[in-house]
1. Over segment 128-180, what percent of the accessible surface lies on carbon and sulfur atoms, probe 1.4 Å?
2. Quick one: Debye curve from the alpha-carbon atoms of segment 44-108 only, equal weights, vacuum; give me log10 I(q)/I(0) at q = 0.23, 0.29 Å⁻¹ to two decimals.
3. Report the dimensions of segment 1-107 along its three principal axes from the alpha-carbon atoms, largest first, rounded to Å.
4. Net charge around Leu101, counting only other residues with Cβ within less than 14 Å of its Cβ (Lys, Arg = +1; Asp, Glu = -1)?
5. Could you tell me the center-to-center distance, by alpha carbons, between segment 62-96 and segment 142-176 in angstrom?
6. Could you pull out the trypsin sites (Lys or Arg not before Pro) across segment 39-80 that fall in loop regions by DSSP (anything but H, G, I, E, B) with no more than 16 other Cβ atoms inside 10 Å?
7. Taking a label point 7 Å from the Cα of Glu193 along the Cα→Cβ vector, which residues of segment 131-167 have an amide N closer than 15 Å to it?
8. If I take R0 = 30 Å and measure r between the Cβ atoms of Asp127 and Ala167 in this structure, what FRET efficiency does the formula 1/(1 + (r/R0)^6) give, to the nearest 0.05?
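The values are calculated or read from the model by the stated rules, or taken from the named source; none is laboratory data. Note that this is a predicted model, so its numbers are computed, not measured. Counting neighbours? That spans all protein chains shown, and the Cβs are built from the backbone with ideal geometry, glycine included. These accessible areas exclude ligands, DNA and RNA; they are computed on the full protein's heavy atoms, side chains included. Shrake-Rupley method; radii C 1.70, N 1.55, O 1.52, S 1.80 Å.
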Amino acid sequence: MDAAPVKIVAIDGPAAAGKGTLARRLAAELGLPYLDTGLLYRAVGRRVLDAGADPADPTAATAAAQGLTAADLDRPDLRTPETAAASSVVAAIPAVRAALLDFQRRFGAAGGAVLDGRDIGSVIFPDAPVKLFVTASPAARARRRWLELTAGGTAVDLATVEQDMAARDARDASRDAAPMRPAADAVVIDTTELDAESVFALALRTVRDRLG
Ligand code: DC
């Protein structure tokens, strides 16, 4: 008899679509650990900026990825717009992605996990039994991110957030290495008109269907 498939819930999609909120709730509901893989790329981008290097420099970015420590993931400045932009730039470098691959696979392989990012269902866990692609209109996502940033004390205007996000989306979707795209067998959830409760209910139904 085949072993039961490892319970991997892969959640991909663009910035501020509601992936993190959904992933955290699903993980709690299913009793699985949660990994925000965007945080890995943010931490790499931050390390490169702190070293005074260019995030587009493959040598500096790869060294930062290979030397990543748990403490780097705990830094308070990983959510700033500057770090977000750098994370998207380092994420386009294949050697950076390669350096972070094993950690992500090991995190989920033992007892299952909920992971969110851009390539979880397409590259990290292509055999995941549950794949969700969570998206929303650019205007809705920019507004959500702007509200988050201003509530956290970052003074930034909505138009700037919208522009930064569009640039990041374009870079994440057009790169050669693991571009952001829904896996062929992903269920797409558009959260533009949905509140967090409805998104959770919809996702949970899919999870129960797929995990049995
Ligand atoms: O999810 P996030 O916005 O925190 O991700 C930050 C950046 O990291 C994003 O612009 C692209 C990159 N990323 C990636 O390339 N692959 C992932 N699995 C997660 C994030």
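1. 58
2. Results for segment 44-108 at q = 0.23, 0.29 Å⁻¹ read -0.96, -1.36.
3. Computed over segment 1-107, the largest-to-smallest principal extents equal 51, 30, 24 Å.
4. With Lys, Arg at +1 and Asp, Glu at -1, the neighbours total +2.
5. The two parts, judged by their Cα centres, are 17 Å apart.
6. Within segment 39-80, the qualifying trypsin sites (Lys or Arg not before Pro) (loop, at most 16 other Cβ atoms within 10 Å) are Arg79.
7. Residues 136-137, 140 qualify, since their backbone N sits under 15 Å from the label point.
8. Rounded to the nearest 0.05, the efficiency is 0.40.
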